[in-house]
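Below is one structure, written out as structure tokens, with a few remarks after it.
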Amino acid sequence: DTGVSQNPRHKITKRGQNVTFRCDPISEHNRLYWYRQTLGQGPEFLTYFQNEAQLEKSRLLSDRFSAERPKGSFSTLEIQRTEQGDSAMYLCASSRYSFGYTFGSGTRLTVV
Amino acid sequence: QKEVEQNSGPLSVPEGAIASLNCTYSDRGSQSFFWYRQYSGKSPELIMSIYSNGDKEDGRFTAQLNKASQYVSLLIRDSQPSDSATYLCAVNRFTGTASKLTFGTGTRLQVTL
């Protein structure tokens, strides 16, 4: 069990550029979640995968955001045409069924 | 009304004292409850889970759940400076197709020497 791995740890991008983040969950976990957290707030749900199926997407996830989990393994979160309001910590978590999540270290995105 | 409410703090307690952190939730269908600890600049770390009414103890931590009152609490005994962090309450509800945690905004705990 090597934990949940997220890459990159930090990303600085110019407004309007596209960015992609990767998450490698704990191998035996069938559920994968993406959350976003801004300063002083709790994590906000973005989307959820059970195996390779994306079962729920938050209304926070505009059409500029897309997530995939091919073959039910790692997941990617892409943000197109980034805006300054996208600056946040993007957290990936995985779980086995509905037990508590294990979070990765997060990717801190800064849009300048 | 927020789905999960916490006092943002800071809650300041002296070293060795008991810290009491509280959380209320709005959805009566919520089924499982979690406390996460988050140090500044780090990701949340699961410290306690509770699924049924009553108390659950794990070391210096005790989680308490009262579903009738829609209330969850976390007690930290013999508080240490290393306990200084933000504590996030999270509530899980299965909607038929998905099961996801909803988080409160967190309570910042400061343990003073």
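The values are calculated or read from the model by the stated rules, or taken from the named source; none is laboratory data. Just so it is clear, the structure is predicted and the values come from calculations on it, not from any experiment. Neighbour counts are summed over all protein chains in view; Cβ atoms, including those assigned to glycine, are modelled from backbone coordinates with ideal geometry. Note: accessible area is taken over every heavy atom of the protein model, side chains too, but ligands, DNA and RNA are not part of it. Shrake-Rupley method; radii C 1.70, N 1.55, O 1.52, S 1.80 Å.
The convex hull drawn around the Cα atoms of the stretch B:1-67, when projected onto a plane and averaged over every direction, covers 5.6 nm². Compactness ratio for the stretch B:58-97: Cα radius of gyration over 2.2 N^0.38 Å (N = residue count) comes to 1.52. Partner shielding of A:83-96 amounts to 1, given as the average count of beta-carbon atoms from other chains within 10 Å of each residue beta-carbon.
Placing a label point 7 Å from the Cα of B:T95 along the Cα-to-Cβ direction, the residues of the stretch A:10-46 with a backbone N closer than 12 Å are A:45-46.
Measure off, as a whole percent, the carbon and sulfur share of the 1.4 Å-probe accessible area of chain B, all protein chains present. Exposed carbon and sulfur together represent 46 percent of the surface.
Taking every C-alpha pair closer than 8 Å and separated by at least 6 residues, the mean separation divided by the residue count of chain A gives a relative contact order of 37 percent. With bins 5 Å wide beginning at 0, the percent of Cα pairs of chain B falling in each bin runs 2, 13, 24, 24, 19, 11, 5, 2, 1, 0.
For the chain pair B and A, the interface hides roughly 1500 square angstrom of accessible area in total, found with a 1.4 Å probe. For the pair A:N30 and A:R81, the difference between a 0.36 nm per residue extended length and the Cα-Cα distance amounts to 15.3 nm.
The mean number of Cβ atoms from other chains found within 10 Å of a Cβ in peptide B:38-44 is 5, as a whole number. Look at the alpha carbon pairs under 8 Å that are at least 6 residues apart: their mean separation over the length of chain B gives a relative contact order of 37 percent.
For the set A:T13, B:T112, the ranking by accessible area, highest first and with no ligand, DNA or RNA atoms included, is B:T112, A:T13 under a 1.4 Å probe. Taking the centroid of alpha carbons for each part, the stretch A:40-112 and the stretch B:14-93 are 24 Å apart. When the pairs A:K11/B:K42; A:K71/B:K100; B:K2/B:K67; A:K14/A:K71; A:K71/B:K56; A:K71/B:K42 are compared against a 26 Å limit on Cα-Cα distance, A:K14/A:K71; A:K71/B:K56; A:K71/B:K42 fall above it. The share of Cα pairs per 10 Å bin across the protein assembly as shown, counted from zero up to the longest distance, runs 8, 33, 35, 20, 5, 0 percent. Per residue, the Cα convex hull of chain A amounts to 94 Å³.
Solvent exposure of the protein assembly as shown amounts to 49 Å² per residue of accessible area, where only protein heavy atoms count and the probe is 1.4 Å. Per-residue packing, averaged as other Cβ atoms within 10 Å, sorts the ranges A:84-95, A:62-73 into the order A:84-95, A:62-73, beginning with the highest.
Remark: spin-label model distance A:S58-A:T20 equals 2.3 nm, labels positioned 7 Å along the Cα→Cβ axis.
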